[in-house]
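Read the structure below first, then the notes.
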Amino acid sequence: MWRWLRSTLRRLRRSPAALLTGGGRPPAAAVVAAAMERAVVRCVPSEPKLSLRFVLPDGSARHMQRDQGEPLGRALARIATNAAKGPAKGAKKSKKARAEGGPAEETAVSLTPVVRLFSREGEAVAEEVPNSVAWQDGAVLQIGEAQYRVERNPPALTELRLPRSLLAGFPVCPKVSTEFAAPQHCLFRWYREQRPAAGGEKAAGGGGDVPTWVEAARDERVFTPSNALVGLRLKLQCTPGDGSQRYGPPQEVESSGPVEAGPGACTFDSRHLYTKKVCGPGSIRTVTCNILADTYAQTEFSRTVLYPYCAPYALELDYRQNLLKKELSGYSADLICLQEVDKSVFVDSLGPALDAFGLEGLFKIKEKQHEGLATFYRRDKFSLLSQHDIAFSEALISDPVHKELCEKLAQYPSVQEKVLQRSSVLQVVVLQSATDPPRKICVANTHLYWHPKGGNIRLIQIAVALSHIKHITHDLYPGIPVIFCGDFNSTPSSGTYGFINSGAIAEDHEDWVSNGEEERCNMPLSHPFKLLSACGEPAYTNYVGGFHGCLDYIFIDKNALEVEQVIPLPSHEEVTTHQALPSVSHPSDHIALICDLKWK
């Protein structure tokens with residue numbers, strides 16, 4: 001037995017792995033020349049443990065979790081034990097063989113490999129170094145004769161998804177979620193199914209039910225299928241990257257269904273003729289739109305009473321999302337303020353889609369609701385300085401800024417109760433110009449109470465909003481201008497519109513009794529802003545079967561900003577082609593307002 005052990009040790013001393021145990025370094029040429037496997041290390045400062053993944057030469061995968069502060073030597077010892085498990089099991093003899101006196105135990109001992117870690121420079125890493133410092137990108141892990149290149153926090157995909165509905169002529173925007181990577185640095189390759197050959201025969205190379213894929217585009221994060229691809233499925237291959245020429249393993253995803261024919265001309269097509277390019281550095285293209293939340297579109301009341309004229313499939317979220325993404329991306333906007341945005345739509349659809357077109361998105365959900373507000377800004381024009389979102393009801397009773405208004409409202413308990421029951425919110429961001437840093441701007445976005453008799457409630461809400469914006473633009477960032485967008489549910493003849501436009505409202509205005517004498521509340525209000533409706537007073541921004549009127553606005557600080565151009569709204573013929581909105585060619589019951597603004 002001892003002769004056998006000595007001969008085994010002599011063989012070990014002659015092996016390359018044995019040379020490494022003496023504190024030497026691996027020959028650089030050998031390391032480069034050998035095709036090394038990957039040892040993937042995930043080490044995040046906020047987490048107590050790091051993870052290590054590698055595949056042994058016998059094909060068995062290993063995944064380990066180790067404390068970041070643990071000395072490297074203990075981790076290497078554990079790797080050696082793990083690496084020996086597979087071979088040791090294979091070397092065990094049956095009871096009969098062991099009874100015959102074979103060297104089973106010695107074989108198991110001899111199969112425990114020598115494990116070392118070498119830095120990128122080839123130096124052996126000391127065993128007392130903590131794991132968080134030892135495992136650096138580019139280091140070499142030696143397990144017996146096998147070598148592994150350490151990849152610390154390599155780019156990785158955590159989610160890759162295609163939309164369920166694909167329409168010819170409409171952009172396909174994948175959802176790409178990454179770790180240690182960024183979608184704008186990933187590599188994309190798009191494929192289409194090979195159309196079956198005439199007569200139903202399989203295309204060359206195809207077999208069984210496995211589709212044959214043909215490359216359709218590369219280096220494009222967004223792909224727009226042509227009419228020629230109707231009836232064919234798509235496949236996307238994405239390789240995660242981090243902008244430092246590091247790339248992780250690619251993933252593939254196939255569409256669940258084929259590309260379908262688009263609806264033809266849409267209401268926004270003619271508007272895109274004015275917005276083909278992003279406007280210049282001194283201008284700000286601003287868009288506001290209520291996009292119709294799915295939570296409201298998919299009710300029996302909506303299908304049978306509000307929108308009975310709309311084809312049921314055109315009310316489906318997947319269909320409407322195709323239209324919305326094409327419409328919004330085609331405006332080449334710098335700022336987009338949206339209302340009635342389902343949280344899932346922001347996270348899974350609009351957020352990823354507009355991100356692909358260079359827009360950063362922020363979301364504010366309504367209290368006790370599944371929808372809310374979204375504000376997007378162009379990354380190469382603006383950077384985010386701060387956010388100041390509020391819920392009207394909470395701010396009214398808790399923020400000292402609104403103390404005077406709150407005391408006035410307390411004199412009218414029934415109105416106060418209704419105001420505090422509302423879930424409406426205000427989204428406010430302060431942005432800094434990327435090209436002219438001294439220029440900052442306050443962008444506000446809201447959706448006021450909807451009820452036709454709720455004029456008094458809307459007056460209180462807009463008073464809270466303007467007081468909050470005043471605090472930001474007068475106290476926190478003195479002198480910065482305002483862009484205030486939203487669905488104000490108020491026509492130009494309303495008290496709310498008049499208050500915003502003129503800066504004051506009288507205590508005897510008729511809107512204070514909008515819901516009858518029992519809910520009368522009389523109070524004079526004022527604000528210091530000089531605001532202008534940048535798109536004027538269109539005949540309507542909301543057009544449904546039973547109502548049409550102007551409810552949406554982009555208010556601007558006319559002391560600091562001026563209007564360069566207003567993008568024309570769709571013609572009345574386009575809006576009423578399918579009777580009213582929404583329709584197969586328009587995704588919402590509201591029409592987007594778009595204008596180009598410039599600094600004075």
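The values are calculated or read from the model by the stated rules, or taken from the named source; none is laboratory data. Computed from a prediction, not measured in an experiment: that's the story for all the values here. Cβ coordinates were reconstructed from backbone atoms using ideal geometry, including for glycine residues, and neighbour counts include every protein chain displayed. Note: areas computed on protein heavy atoms with side chains; ligands, DNA, RNA excluded. Shrake-Rupley method; radii C 1.70, N 1.55, O 1.52, S 1.80 Å.
The residues in segment 465-490 that are open to solvent by 40 Å² or more (accessible area, probe 1.4 Å) and not in a helix (DSSP H, G or I) can be counted, and the count is 3. Does LYS343 satisfy the condition of being open to solvent by less than 30 Å² (accessible area, probe 1.4 Å), in contact (Cβ under 8 Å) with a residue 24 or more places away in the chain and in the same structural domain as LYS470 (by the TED database)? No, not satisfied.
Exactly one residue out of GLY59, GLY23, GLY69 is modelled with pLDDT under 95, within 20 Å of ALA126 (Cα to Cα) and open to solvent by less than 80 Å² (accessible area, probe 1.4 Å), and it is GLY23. The sole residue among ARG422, ARG378 that is crowded, with 16+ Cβ neighbours inside 10 Å and under 22 Å from TRP599 (Cα atoms) is ARG378.
Scanning segment 551-573 for residues that are farther than 28 Å from HIS451 by Cβ, touching a Cys at 6+ places or on another chain (Cβ under 9 Å) and not in a loop (DSSP other than H, G, I, E, B) turns up ASP557, VAL563, GLU564, GLN565, VAL566.
The set of residues from segment 501-511 being open to solvent by 30 Å² or more (accessible area, probe 1.4 Å), outside any loop (DSSP other than H, G, I, E, B) and not small (Gly, Ala, Ser) comprises ASN501, GLU510. In segment 229-242, the qualifying residues are those that are under 17 Å from PHE188 (Cβ atoms) and in a strand (DSSP E or B), and the one that is most open to solvent (accessible area, probe 1.4 Å) is GLN237.
Taking first residues from segment 164-192 that are under 19 Å from PRO211 (Cβ atoms) and partners that are assigned to a strand (DSSP E or B) and basic (Lys, Arg), the Cβ contacts under 6 Å between residues at least 6 apart in sequence or on separate chains come to ARG189/ARG218; TYR191/LYS235.
A single member of SER493, SER526, SER514 is polar (S, T, N, Q) and surrounded by 15 or more Cβ atoms within 10 Å (Cβ to Cβ), and it is SER514. Those residues that are over 18 Å from CYS337 (Cβ atoms) and either open to solvent by less than 30 Å² (accessible area, probe 1.4 Å) or not β-branched (Val, Ile, Thr) (or both), I need them from segment 434-448; list them, please. Hits for segment 434-448 are ALA434, ASP436, PRO437, PRO438, ARG439.
Tell me whether segment 270-278 contains one or more residues that are hydrophobic (A, V, I, L, M, F, W, C), open to solvent by less than 80 Å² (accessible area, probe 1.4 Å) and over 25 Å from ALA168 (Cβ atoms).
Our first condition is that a residue be hydrophobic (A, V, I, L, M, F, W, C); within segment 270-278, this holds for 273, 278.
Among the residues that remain, those that are also open to solvent by less than 80 Å² (accessible area, probe 1.4 Å) are: 278.
Right, trim to over 25 Å from ALA168 (Cβ atoms) and you get 278.
There is at least one residue in segment 270-278 that is hydrophobic (A, V, I, L, M, F, W, C), open to solvent by less than 80 Å² (accessible area, probe 1.4 Å) and over 25 Å from ALA168 (Cβ atoms).
Within segment 111-122, if we keep just the residues that are assigned to a loop (DSSP other than H, G, I, E, B) and of a type in the set (D, E, K, R), the residue that is surrounded by the most Cβ atoms within 10 Å (Cβ to Cβ) turns out to be ARG120.
What number of residues within segment 437-477 are acidic (Asp, Glu) and within 27 Å of the chain's Cα centre (by Cα)? Can you show your working first?
Going through segment 437-477, the residues acidic (Asp, Glu) turn out to be 475.
Among the residues that remain, those that are also within 27 Å of the chain's Cα centre (by Cα) are: none.
Qualifying residue count for the region: 0.
Please verify whether GLU215 is over 24 Å from the mean Cα position of the chain (by Cα), assigned to a strand (DSSP E or B) and charged (D, E, K, R), treating the condition exactly as stated. It would help to see each step written out before you state the result.
Working: over 24 Å from the mean Cα position of the chain (by Cα): yes; assigned to a strand (DSSP E or B): yes; charged (D, E, K, R): yes.
Yes.
Quick check on segment 243-253. Is at least one of its residues open to solvent by 30 Å² or more (accessible area, probe 1.4 Å), modelled with pLDDT under 95 and touching a helix residue (DSSP H, G or I) at 6+ places or on another chain (Cβ under 8 Å)? Yes, there is a match, as at least one residue in segment 243-253 is open to solvent by 30 Å² or more (accessible area, probe 1.4 Å), modelled with pLDDT under 95 and touching a helix residue (DSSP H, G or I) at 6+ places or on another chain (Cβ under 8 Å).
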